[in-house]
Amino acid sequence: MIIYIDMDDVLCDFSGAHAKALAENPGIAFPQSQYGFYQRLPPLEGAIEAVKELIHSDEYMPYILTAPSTKNPFSYTEKRVWIEDHFGYDFVERLIICSNKGLLKGGILVDDNHSGRGQENFEGKLIHFGTTQFPNWGAVRRELSLKI
Ligand SMILES: [Mg+2]
């Protein structure tokens with residue numbers, strides 16, 4: 001089964017880094033537009049391990065599906081570098097940068113947003129990350145029946 005995994009606030013801590021950057025430098029309105037912002041995002045707890053397990057799973061074929069920050073051209077490159085940094089070069093071909101997630105065919109989408117980037121039109125099941133049902137990767141792993 002094809003499973004798509006979002007990046008910001010699912011694999012990496014966009015909101016935490018955004019708040020930290022604003023606190024450190026209130027004069028910058030859009031810290032996410034700064035060079036290096038996306039590349040330096042810290043992974044969320046358990047995210048890297050879960051994706052690595054999916055990569056080696058017989059049941060799932062994971063892809064990373066992320067919408068770009070279109071006002072920050074660096075984001076396209078930095079998301080690609082982030083994936084190589086954390087999963088190695090071979091996994092880079094599983095990175096899909098797309099503003100309309102509803103176009104993709106597959107069984108599962110793990111995303112912290114249920115709409116706005118085509119999630120509402122995704123044909124498969126949405127695992128709504130960050131909700132009370134799926135607050136973290138532990139809950140997602142249980143849903144996917146991955147070993148703990
Ligand atoms: Mg997101």
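Mind sorting THR66, THR131 by how few other Cβ atoms lie within 10 Å of their own Cβ, fewest first?
Details: THR66 27, THR131 11.
Exposure proxy ranking, most exposed first: THR131, THR66.
For every other residue with a beta carbon closer than 12 angstrom to the beta carbon of VAL92, add +1 if it is Lys or Arg and -1 if Asp or Glu, then tell me the sum.
Spelling it out: positives minus negatives among the neighbours equals -1.
Rounded if a/c is under 1.5, else prolate if a/b beats b/c, else oblate: with a ≥ b ≥ c from the C-alpha gyration tensor eigenvalues square-rooted, which is the stretch 1-84?
prolate
Given Cα pairs under 8 Å that are at least 6 residues apart, what percent is the relative contact order of the chain?
Once normalised by length, the contact order is 26 percent.
Take the alpha-carbon centre of the stretch 30-47, take the same for the stretch 50-96, and report the distance between them in whole Å.
With the stretch 30-47 and the stretch 50-96 each reduced to a Cα centre, they are spaced 14 Å.
Any idea what the dipole of the stretch 13-55 comes to, in debye rounded to 20, about its Cα centre with Lys/Arg Cβ at +1 and Asp/Glu Cβ at -1?
Working: 3 positive and 5 negative charges, 36 e Å.
Roughly 180 debye, rounded to the nearest 20.
Neighbouring Cβ atoms within 10 Å as the yardstick, rank HIS114, HIS128 fewest first.
Details: HIS114 12, HIS128 16.
Going from sparsest to densest Cβ surroundings: HIS114, HIS128.
Going by the alpha-carbon gyration tensor, a ≥ b ≥ c the square roots of its eigenvalues, is the stretch 59-138 rounded (a/c under 1.5) or, if a/c is not under 1.5, prolate (a/b greater than b/c) versus oblate? Intermediate values should be presented prior to the final figure.
Numbers: a/c = 1.57, a/b = 1.30, b/c = 1.20.
Prolate.
Tell me, what does the Kirkwood hydrodynamic radius of the stretch 2-143 come to in angstroms if you use every pair of distinct C-alpha atoms?
Details: mean 1/r = 0.0648 Å⁻¹.
About 15.4 Å, per the Kirkwood formula over Cα pairs.
Need the full-extension length gain, TYR76 to ASP58, defined as separation in residues times 0.36 nm minus the C-alpha distance. One decimal, nm.
Values: separation 18, 0.36 × 18 = 6.48 nm, distance 2.96 nm.
Stretched fully, the TYR76-ASP58 segment lengthens by 3.5 nm.
Suppose every Lys and Arg Cβ carries +1 and every Asp and Glu Cβ carries -1, with no other charges. What dipole size does the chain come out with about its Cα centre, to the nearest 20 debye?
Numbers: 14 positive and 20 negative charges, 44 e Å.
So the magnitude is around 200 debye.
Strictly over 24 Å apart at the Cα level, which of LYS20/LYS125; LYS20/LYS52; LYS52/LYS101 would you flag in this model?
LYS20/LYS125; LYS20/LYS52
For the Cα atoms of the chain, what angle does the longest principal axis make with the long axis of helix 14-24, in degrees from 0 to 90, nearest 10?
Helix 14-24 and the main axis of the chain meet at about 20 degrees.
Per residue of the stretch 132-141, in order, report the coupling 6.51 cos²θ - 1.76 cosθ + 1.60 (Karplus, θ = phi - 60°) as ³J(HN,Hα) in whole Hz, putting x for Gly and Pro.
5, 6, 10, x, 7, 6, x, 5, 5, 4
What is the sum of charges, Lys and Arg at +1 and Asp and Glu at -1, for the other residues whose Cβ falls under 12 Å from the Cβ of TYR63?
Details: positive: ARG94, LYS101, LYS105; negative: ASP6, GLU93.
Taking every Cβ under 12 Å from that of TYR63, the sum is +1.
Can you tell me what share of the DSSP beta bridges in the chain is antiparallel? A percent to the nearest 5 is fine. Kindly include the intermediate steps, with their values, before the conclusion.
On the way: 1 of 16 bridges.
Here the share of antiparallel DSSP bridges comes out near 5 percent.
Counting other beta carbons within 10 Å of each residue's own, what order do LEU146, LEU65, LEU54 fall into, fewest first?
Values: LEU146 17, LEU65 27, LEU54 20.
So the residues, fewest neighbours to most, are LEU146, LEU54, LEU65.
Given ILE5, HIS18, ILE64, which one lies farthest toward the positive end of the charge dipole of the chain, if we put +1 on the Cβ of every Lys and Arg and -1 on the Cβ of every Asp and Glu?
HIS18
Here, each number is a calculation from the coordinates, and none is a lab measurement. Being a predicted model, the structure only gives us computed values, none of them experimental. Backbone-built Cβ (ideal geometry, glycine too); neighbour counts: all protein chains shown.
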